[in-house]
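One structure below.
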Amino acid sequence: MTIPTELIGSLPRSPELLTAMAAFEAGRLDGAKLAAIQEQAVCDTIETLEAIGSPVVTDGEQSKHSFLTYPVEGLSNLSADGVVIPFADGHQRQLPGLASGPFRYKTHADEYLRAARRHAKVPVKQAVVAPSALSLLYPAAGITGYSREQFLEDLVNEAETDIRGCLDAGAHVVQLDFEEARLSLKLDPSGGLLDHFIALNLRVLSRFTPAEHARIGVYTGPGADQDSTHSLDVDYLGLLPKLLQLTVGNFYLQLAGEGDPDRVLRVIADHLPGHARVFIGVTDPIDPRVETPQEVRDRVLAAARHLPVDRLGTCDDAGFAPFADDQSTSRETAFAKIRARVEGTALAATALNS
């Protein structure tokens with residue numbers, strides 16, 4: 001028996017890539033040269049992941065400014081006064097707002113996937129932003145002539161296209177990044193916002209078959225940007241029973257950074273759907289210390305006391321650089337943590353087979 005292991009998605013960008021992205025934004029570098037530098041960064045990332053034994057790879061989101069805004073970058077109908085996401089250390093991220101309709105994606109994720117698959121020798125996973133996150137772009141005051149209901153219908157159509165395009169392009173798994181799930185309970189402790197998010201994501205997922213659901217996953221965590229979180233102080237147990245109702249084949253759940261992982265694992269075991277696998281976080285991108293393979297092994301063995309091994313996988317707690325300018329973790333540290341995850345997961349599988 002083997003235990004599958006996957007990264008969540010993003011990896012730190014090199015200084016050279018960040019310099020090129022800044023030069024392009026300032027008009028000092030043309031698009032063709034930037035694209036060549038981005039493609040080389042994707043190639044280097046995939047080659048390194050394969051060299052350290054990662055059985056599934058991503059492009060490290062090297063060509064994205066963020067996991068959250070890739071579909072809308074460059075749209076002309078956005079404003080700069082969208083929802084603000086505060087982090088525990090005091091820094092903030094701000095989403096754009098939608099200024100007028102209709103809502104359409106400018107970029108779909110299959111473009112990134114197709115570029116990555118040109119360089120990969122192993123299966124490629126593709127992360128996409130959850131429609132629930134993009135629903136925050138619609139302003140509270142509304143848009144004249146473009147109702148919220150029409151916006152949501154357009155959003156659902158675009159999200160379906162995003163996922164389906166990646167499935168059709170050969171993604172190993174399409175992962176919906178639903179990081180705002182835990183944050184929603186901070187913004188609205190009544191759970192109403194979370195219920196809305198869950199319902200919207202289910203609305204998109206209902207357009208796929210059970211066979212397609214098996215190749216779709218959902219990731220959630222408390223945020224991991226510049227070594228800070230936005231909702232780690234929110235009780236995980238208020239989220240998990242509702243999250244695990246989503247009709248997907250894989251759940252990717254932050255766990256290494258939790259203070260009482262056994263408590264969380266008991267809830268997962270009680271609510272995990274019979275068709276699904278859960279990938280538990282065994283490395284923490286926010287912790288600057290590189291976990292040892294033995295620590296990873298022990299975290300997997302602890303999880304196996306609660307969950308059937310044939311429905312268990314491992315992942316990192318989060319992406320290592322969900323926003324391109326996040327340089328809080330070096331590429332060297334990120335790859336070292338991934339190697340520890342891969343090796344530690346193999347050690348756990350060996351121990352469980354003995």
Open item on the list: As an exercise: evaluate residue 196 against (1) open to solvent by 50 Å² or more (accessible area, probe 1.4 Å); (2) over 18 Å from residue 245 (Cβ atoms) and give the number of the one condition it does not meet.
Closed with: (2)
Task: Scan of the range 261-303 for residues that are β-branched (Val, Ile, Thr), more than 22 Å from residue 176 (Cβ to Cβ) and outside any loop (DSSP other than H, G, I, E, B), ordered by number - done: 296, 300
Open item on the list: For the range 192-228: of the residues being over 19 Å from residue 251 (Cβ atoms) and among the small types (Gly, Ala, Ser), which is farthest from the chain's Cα centre (by Cα)?
Closed with: 192
- [ ] Could you grab me the full set of residues in the range 34-84 that are surrounded by fewer than 21 Cβ atoms within 10 Å (Cβ to Cβ) and part of a strand (DSSP E or B)?
- [x] 66, 78, 79, 84
Open item on the list: Please go through the range 87-107 and give me each residue that is surrounded by fewer than 17 Cβ atoms within 10 Å (Cβ to Cβ) and outside any loop (DSSP other than H, G, I, E, B), ordered by number.
Closed with: 92, 94
TODO: Please work out which residue is least open to solvent (accessible area, probe 1.4 Å), limiting yourself to the range 309-351 and to residues that are without any contact (Cβ under 8 Å) to a residue 60 or more places away in the chain and among the polar types (S, T, N, Q).
DONE: 333
Open item on the list: So, residue 144, is that one surrounded by fewer than 24 Cβ atoms within 10 Å (Cβ to Cβ) and either without any contact (Cβ under 8 Å) to a residue 40 or more places away in the chain or on the phi > 0 side of the Ramachandran plot (or both) or not?
Closed with: yes
- [ ] Please name all residue pairs, on different chains or six or more residues apart, with Cβ atoms under 7 Å, provided the first residue is in the range 114-136 and is within 16 Å of residue 184 (Cα to Cα) and touching a residue at least 40 places away in the same chain (Cβ under 8 Å) and the second residue is open to solvent by 30 Å² or more (accessible area, probe 1.4 Å) and of a type in the set (Val, Ile, Thr).
- [x] 136/83
Open item on the list: For the range 304-338, give me each residue that is in a helix (DSSP H, G or I) and either out of contact with any strand residue (DSSP E or B) (no Cβ under 8 Å at 6 or more places or on another chain) or over 15 Å from residue 58 (Cα atoms) (or both).
Closed with: 304, 309, 310, 311, 331, 332, 333, 334, 335, 336, 337
TODO: Find all pairs meeting these conditions: Cβ atoms under 7 angstrom apart; at least six residues apart or on different chains; first residue within the range 233-262 and among the basic types (Lys, Arg); second residue crowded, with 19+ Cβ neighbours inside 10 Å.
DONE: 242/194; 242/198
TODO: Tell me, please, whether a residue that is polar (S, T, N, Q), under 27 Å from residue 47 (Cα atoms) and in contact with a Pro (Cβ under 8 Å, 6 or more places away or on another chain) can be found in the range 248-256.
DONE: yes
TODO: Evaluate the following for residue 29: is it in a loop (DSSP other than H, G, I, E, B) and farther than 30 Å from residue 102 by Cβ?
DONE: yes
Open item on the list: Given the options 302, 276, 269, 256, name the one that is open to solvent by less than 50 Å² (accessible area, probe 1.4 Å), more than 21 Å from residue 54 (Cβ to Cβ) and in contact with a Gly (Cβ under 7 Å, 6 or more places away or on another chain).
Closed with: 276
TODO: Count, please, the residues in the range 311-352 that happen to be out of contact with any Cys (no Cβ under 9 Å at 6 or more places or on another chain), charged (D, E, K, R) and more than 20 Å from residue 232 (Cβ to Cβ).
DONE: 6
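The values are calculated or read from the model by the stated rules, or taken from the named source; none is laboratory data. Since the structure is predicted, the reported quantities are computational estimates derived from the model, not experimental observations. Reconstructed Cβ throughout: ideal geometry from the backbone, glycine too, with neighbour counts over all protein chains shown. Ligands, DNA and RNA are stripped out before the accessible areas are found, and what is left, the full protein with its side chains, is counted by its heavy atoms. Shrake-Rupley method; radii C 1.70, N 1.55, O 1.52, S 1.80 Å.
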